[in-house]
Amino acid sequence: MRFQLNTGQRWIFAALLCLLIQILPAWSGWDFDKLIKLAQQRYGANAAKLMGEAQQVVSGSKTLPEAEKLKRINEFFNRRLQFVDDAALWQQADYWASPLEMVGKGAGDCEDFAIMKYFALKELGVSAEKLRMSYVKAKIGGSSSNITQAHMVLTYYPSPDAEPMILDNLITEIRPASRRPDLTPVFSFNSEGIFTGSGSQPSGSIDRLSRWKDVLLRMQSDGIAF
C-alpha cells in the first residue's frame, strides 16, 4: 500500500524540512575544533595556530570557483609547510603522515603534501573523482636530465578525459601535465582505487596500498572524515 500526503501535509512537511536545514549545523569532514585541540595537546601552540590558519583558509574558500580553490590550497600549504624527508622527520625510510601529523611537525615530504591537499580540497567540495595522488619519476636538474627520483604530486582532472593539472610542493604554480616534461607518471590513486595509465576508472583496490590505509585509519581517530 502506498502512503500519500495530501496538499496540506505536503506544505507542513516542506516547512519542517526548511526549518531543519536552517537550524542543523553544516556537516564538515574536518572537525577543526577537535583537530586544533589535538594539535595543542600533542604538538604545542605553534601547531594549534597553524591548524587554526588552515581552518580559516578552508572556511574562506568554500564559495570560490574550483580553480581558485586549487590555487589557494596549493599556495597555502606550500608556503606554510616545509619539505623534510622521512628519514630526518620520522626516522623511517617511508612514512605517510596524516594532515594532523604534518601540521604538528610543520613539515613533510612529497606524499604528505599530496595527502594534505587532497583532503583539504575534498573538504571544499572537489569531487574525489577529479583528484588523484600520482606517483611520478621526476627528472633532477631539468627535463633533459637522465637522473630521476620517485616523487608524488596531486593531480586534478577538470573532466574525466581532460589533461590533468599538477599540484606540486616543488613548484607552486599549477601547470598542466604537458608543461611538466620533467615528470613521468607511474600510477595514481585516490579513495576510490588505484589507476594505471590515463583511464578514468580504477584498475585496482586501495587494499594494495597499506600505507594509504594506515593514514585513513589515523585520520578517522583524529577527526577527519573521508
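Coordinate-derived values only; no laboratory data. Computed from a prediction, not measured in an experiment: that's the story for all the values here. So basically every Cβ, Gly included, is an ideal-geometry build from the backbone, and we count neighbours across all protein chains shown.
Suppose R0 equals 25 Å; then what is the FRET efficiency for L170 and Q41 from their Cβ-Cβ distance, rounded to the nearest 0.05?
Between L170 and Q41 the formula returns 0.20.
Label-point separation (nm) for D85 and S210, each offset 7 Å from Cα along Cα-to-Cβ?
Spacing of the two 7 Å Cα→Cβ label points: 2.3 nm.
Could you check the simple spin-label distance between K49 and S145, using points 7 Å along Cα→Cβ, in nm with one decimal?
With each label placed 7 Å out from Cα toward Cβ, I get 3.5 nm.
Express the relative contact order of the chain as a whole percentage, based on alpha carbon pairs under 8 Å and six or more residues apart in sequence.
Averaging sequence separation for qualifying contacts and normalising by length gives 18 percent for the chain.
Between H151 and residues 5 or more places away or on another chain, which pairs have amide H atoms under 5 Å apart, with H built 1.01 Å from N, and which residues are they?
Correct list: V136, A138.
Starting with the highest mean, order 117-128, 202-213 by the number of other Cβ atoms within 10 Å, averaged over the residues of each peptide.
Packing order, densest peptide first, comes out as 117-128, 202-213.
Given the Cα-Cα distance of D33 and Q201 and 0.36 nm per residue of separation, how much length would full extension add, in nm?
56.9 nm
Would you calculate, for the chain, the mean residue ellipticity at 222 nm contributed by helices, counting each DSSP H stretch of 4 or more residues as -39,500 (n - 2.57) and dividing by all residues, to the nearest 500?
For the chain, the value works out to -13500 deg cm²/dmol.
Roughly how many debye, to the nearest 20, is the charge dipole of the chain about its Cα centre, given +1 on each Lys and Arg Cβ, -1 on each Asp and Glu Cβ, and no other charges?
Computed about the Cα centre, the dipole is about 440 debye.
Just the Cα atoms of segment 32-222, one point each, no solvent: what log10 I(q)/I(0) does Debye give at q = 0.13, 0.19 Å⁻¹?
The Debye formula, applied to the Cα set alone, gives -0.68, -1.48.
Pairwise over distinct Cα atoms, reciprocal of the mean inverse distance: report the Kirkwood radius of segment 114-226 in Å, one decimal place.
The Cα-based Kirkwood calculation yields 14.7 Å.
Among residues other than E163 whose Cβ falls under 14 Å from its Cβ, what is the net charge (Lys/Arg +1, Asp/Glu -1)?
+4
Measure nothing fancy, just the Cα-based angle from helix 210-222's long axis to the longest principal axis of the chain, in degrees from 0 to 90, nearest 10.
Between the helix axis and the principal axis of the chain, the angle is about 50 degrees.
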